[in-house]
Amino acid sequence: MPWKSQPQLLRQNQPVPLQSKAFDILMVLVENSEKVVSKDDLMKSVWPDTFVEESNLAQHIFVLRKTLGDTVEEKRYIVTVPGRGYRFAETVRAVGLEVEDRRQEIGTREDKEEQIVLASRSLAKVTFERDRRSDLRWWILAGTTAVVIAIALGLYWRSQKKVKLSEKDTIILGDFDNRTGDAVFDDTLKTALGIALAQSPFLNTLSDTKVRTTLRLMARSADTKINPEVAREICQRAGSKAYIAGSIASLGSEYVLELKAVNCQNGDMLAQEQATAASKEKVLDSLGEATSKLRTELGESLATVQKFDVPLAQATTSSLEALKTYSLGIKAFNRKGAAAALPYDQRAIELDPNFAMGYLWLGYDYTNLSEVGRASEYFTRAFQLREHASELEKLAITASYYRNGTGELDKAAQICQEWIESYPRDVEGYIALDLVYGLQGQYEKATESTKQALRLAPERAFSYINLANYSIALQHFDETRQVIHEAQARKLDDQVFHNALYALAFLGADSAAMREQQQWFAGKPEENMGLALASDTEAYGGHLGKARELTKRAVDSAIRADSKENAAIWQANTALQQAAYGNPVEARQSAAEALKLSPASQGVEVEAALAFAMAGDATRAESLAQDLGKRFPLDTQMQSLWLPAVQAQLALDRKNPASALNALQAASSIELGQITFVNNISCLYHLYVRGEAYLAAGQGSAAATEFQKILDHNGIVWNCWTGALARLGVARASALQARTSQGADAGAGRVRALAAYKDFLTLWKDADPNIPILKEAKTEYAKLQ
């Protein structure tokens, strides 16, 4: 029974999208209320001259049920009769009200019910009414006689009875019910919905980590599909307020999307939105529009929705394939780590070279793999494309760019504070800020910011990682162990925890515990890091032969894992060790090999520059320093720590200690900051060079102060060679004080010097005997006795 005019579905006199064929099906079912209409009869009535697949009818029935408010658990209005057809389940009776009279009645009812109207032509005078306690009706306006037909749906969807969310409530995102048969929508639409909702400073979505933790408590796998039943249980267990269920269905070339927010305690509907996309390419636009409306229905102010509402295709990517791949990358990152996510994120930017968030996540991947040079390139590209992102994502991109791209730590901190101000319940802002504080050496502030992140998201492994790093830097070793124990009790583990456990074992001289951590690294992609730690330990004790062998193994392991930058860093570390221990030829060779492995890496280049300077190759050191100065003119650590140390060492090579001291800035908190490309520790090279400069200038007391700083911060230095040679530095500085003092001061200086020499020589009692600096130390000690 095709209609002569385009039918409409009206809700509060506002049109709601409904295809004409779906309307026709509803009319057939309504006219045969409480009778079973066979599928054949339905198809003949609606498509009298056209052959259609039965699946087409089923798809229209699905859309009608969604429109009328049928649920998966309870089909109250359109019932399937297996093997026979469909039945409209409401009672029908006739009425005779005029259209305008009925509209007036609708508009003046005291209970302000939400009314829904279907406008059409040529319909008999009938109405459908179930129960006077259930007043909300669907109205069908028909024909020139303006007859009204009412369908009583039994819904209590009055606006004054809707329960809205508060800023403290959390919501669960369910997986989309994809009824299109097109796999491109799997995972993709849930990710897009999450990004759209994340624009809101009001709504708070439960993290994927917390969802997986809750699934584990439910004895379900992390890959369990989050359907409405599972979402509701997660919601209840996690103490959340609501879950959002999404669905997508296809109608010819069009797509129908629906979002439902459901109170997980009682199952009441909190909000519902439906949208139609004219094509696959318009699905993200329609989803974004529906999400914006849903945000206001859930209680967010219109002002913040308008302020923070970038269209989804702009906030993510217009490529569904790229977004799907990106979604799989996030899932891999959260469940298996950066190495697993890397190929997905690389593919995402291949599919859409303008995908800003794809570049940002590649930066995160490489940062977590300690490939900070590569990471910087992707953070920079993300910043260049930041207009293709939401306001929240722009903050994340900009903070990462200033922290890891240009190295402007003050600017990075400022952006992070703006991030927290705009999105005070977004854990990522606090994590980003604590990372900046760590680079600035402000470990107390970093700790507080990390603890705030943990208060918001106690299931985040990254926050435990950072807290462990900061507590060990502050030399709160018992707290470090407690943090790691708590994380592991939550089934959270990471290579950084094992770095820290190795450091604690080293600082406690616990060889068995160090071996235990070495065993954890063995055979894993991170094995090169464990081998590098072991190499540094051997070098710390003066076992250069063993250290060289372990470094070679670490380099080979890193190359096999496609981590050439790591391999180069380990080689550059060896160059610095060799130079400091008095082997300039080997130092220059190792520095050159490091540059060959990763010539464009900031970390490799700056360590090689210092190694060349310490090994007497001024030409190469100066060339590298000039290049670094041009490439990183705004980098806080480069300009305040690294380049001054290189310049000071070059001045010492020229026998000009005054110029060396002039090159090194006065002490500041930043000099104790973490170095991202060396396992987040710092060897405090600039302090060591400054101590050497004071020795060369004949200022024994000042020299002793610098070397003692290194010894006093072993939670930062760990097993770096500077920690060993700082003992010798204190001995030499004390001997200088003894030589330049009179009377009791000279005697006291000599006593301190003897004790310090003995301390160093005891540490190196079984060191390789041919190390030049060891020979010098023995000679100096003998003369002082």
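The values are calculated or read from the model by the stated rules, or taken from the named source; none is laboratory data. Everything quoted here is computed from the prediction, not taken from an experiment. All Cβ positions, even for glycine, are placed from backbone atoms using ideal geometry, and neighbour counts span all protein chains on display. Heavy atoms of the whole protein, side chains included, go into the accessibility calculation; ligands, DNA and RNA do not. Shrake-Rupley method; radii C 1.70, N 1.55, O 1.52, S 1.80 Å.
Among the residues of segment 476-490, not a single one is touching a residue at least 40 places away in the same chain (Cβ under 8 Å) and within 25 Å of Ala558 (Cβ to Cβ). Going through (1) closer than 19 Å to Asn404 by Cβ; (2) surrounded by fewer than 20 Cβ atoms within 10 Å (Cβ to Cβ) one by one, Gly582 falls short only on (1). Every condition in (1) closer than 22 Å to Ala724 by Cβ; (2) without any contact (Cβ under 8 Å) to a residue 12 or more places away in the chain; (3) not aliphatic (A, V, I, L, M) holds for Ser659 except the one numbered (1).
Would it be correct to say that Thr180 is out of contact with any Pro (no Cβ under 8 Å at 6 or more places or on another chain), surrounded by fewer than 21 Cβ atoms within 10 Å (Cβ to Cβ) and not in a strand (DSSP E or B)? Spelling it out, Thr180 is indeed out of contact with any Pro (no Cβ under 8 Å at 6 or more places or on another chain), surrounded by fewer than 21 Cβ atoms within 10 Å (Cβ to Cβ) and not in a strand (DSSP E or B). Here is the figure for segment 363-397: residues that are open to solvent by less than 20 Å² (accessible area, probe 1.4 Å) and either under 21 Å from Val310 (Cβ atoms) or among the charged types (D, E, K, R) (or both) total 11. Return the residue satisfying two criteria in turn: it lies in segment 3-24 and is open to solvent by 20 Å² or more (accessible area, probe 1.4 Å) and hydrophobic (A, V, I, L, M, F, W, C), and of such residues it is modelled with the lowest pLDDT. By that ranking, first place goes to Trp3.
Test of understanding: among Gln518, Gln571, which residue is of a type outside the set (Gly, Ala, Ser) and more than 20 Å from Tyr366 (Cβ to Cβ)?
Numbers: Gln571 fails: more than 20 Å from Tyr366 (Cβ to Cβ).
Within the list Gln518, Gln571, the selection yields Gln518.
For segment 702-719, check the following and say yes or no: at least one residue is in contact (Cβ under 8 Å) with a residue 24 or more places away in the chain, among the β-branched types (Val, Ile, Thr) and surrounded by fewer than 24 Cβ atoms within 10 Å (Cβ to Cβ). Among the residues of segment 702-719, not one is in contact (Cβ under 8 Å) with a residue 24 or more places away in the chain, among the β-branched types (Val, Ile, Thr) and surrounded by fewer than 24 Cβ atoms within 10 Å (Cβ to Cβ), which makes the answer no.
The sole residue among Ala356, Ala382, Ala340, Ala375 that is without any contact (Cβ under 8 Å) to a residue 12 or more places away in the chain and of a type in the set (Gly, Ala, Ser) is Ala340.
When segment 25-81 is limited to residues that are modelled with pLDDT under 75 and among the hydroxyl-bearing types (Ser, Thr, Tyr), the one that is farthest from Pro228 (Cα to Cα) turns out to be Thr50. For segment 413-507, the helices (runs of 4 or more DSSP H) that sit wholly inside it and include 2 or more residues that are of a type in the set (Phe, Trp, Tyr) and crowded, with 17+ Cβ neighbours inside 10 Å are 427-439, 461-473, 495-507. Assess whether Val256 counts as being at pLDDT below 95 and touching a Lys or Arg at 6+ places or on another chain (Cβ under 8 Å). The answer is yes for Val256. Here Val751 fulfils each of the conditions (1) surrounded by fewer than 23 Cβ atoms within 10 Å (Cβ to Cβ); (2) touching a residue at least 12 places away in the same chain (Cβ under 8 Å) apart from (2). Among the numbered conditions (1) farther than 21 Å from Ala561 by Cβ; (2) modelled with pLDDT under 90; (3) hydroxyl-bearing (Ser, Thr, Tyr), the only one that Ser327 does not meet is (2).
Residue count for segment 466-487 satisfying the condition of being more than 26 Å from Ser240 (Cβ to Cβ) and in contact with a Phe, Trp or Tyr (Cβ under 7 Å, 6 or more places away or on another chain): 6. Is it true that Ala500 is among the hydrophobic types (A, V, I, L, M, F, W, C), farther than 29 Å from Lys394 by Cβ and free of Cβ contacts under 8 Å to residues at least 60 places away in the same chain? So Ala500 passes the test.
If we scan segment 630-638, do we find a residue that is more than 39 Å from the chain's Cα centre (by Cα) and over 26 Å from Tyr470 (Cβ atoms)? Within segment 630-638, none of the residues are more than 39 Å from the chain's Cα centre (by Cα) and over 26 Å from Tyr470 (Cβ atoms).
Note on segment 514-529: residues that are without any contact (Cβ under 8 Å) to a residue 40 or more places away in the chain, assigned to a helix (DSSP H, G or I), surrounded by 15 or more Cβ atoms within 10 Å (Cβ to Cβ) and of a type outside the set (S, T, N, Q) amount to 4.
Within segment 573-605, work out how many residues are in contact (Cβ under 8 Å) with a residue 60 or more places away in the chain and not polar (S, T, N, Q). Spell out the reasoning first.
Pass one, segment 573-605, residues in contact (Cβ under 8 Å) with a residue 60 or more places away in the chain: 573, 576-577, 580-583, 598, 600-604.
Subsequent filtering for residues that are not polar (S, T, N, Q) retains 576, 580-582, 600, 603-604.
Here the count works out to 7.
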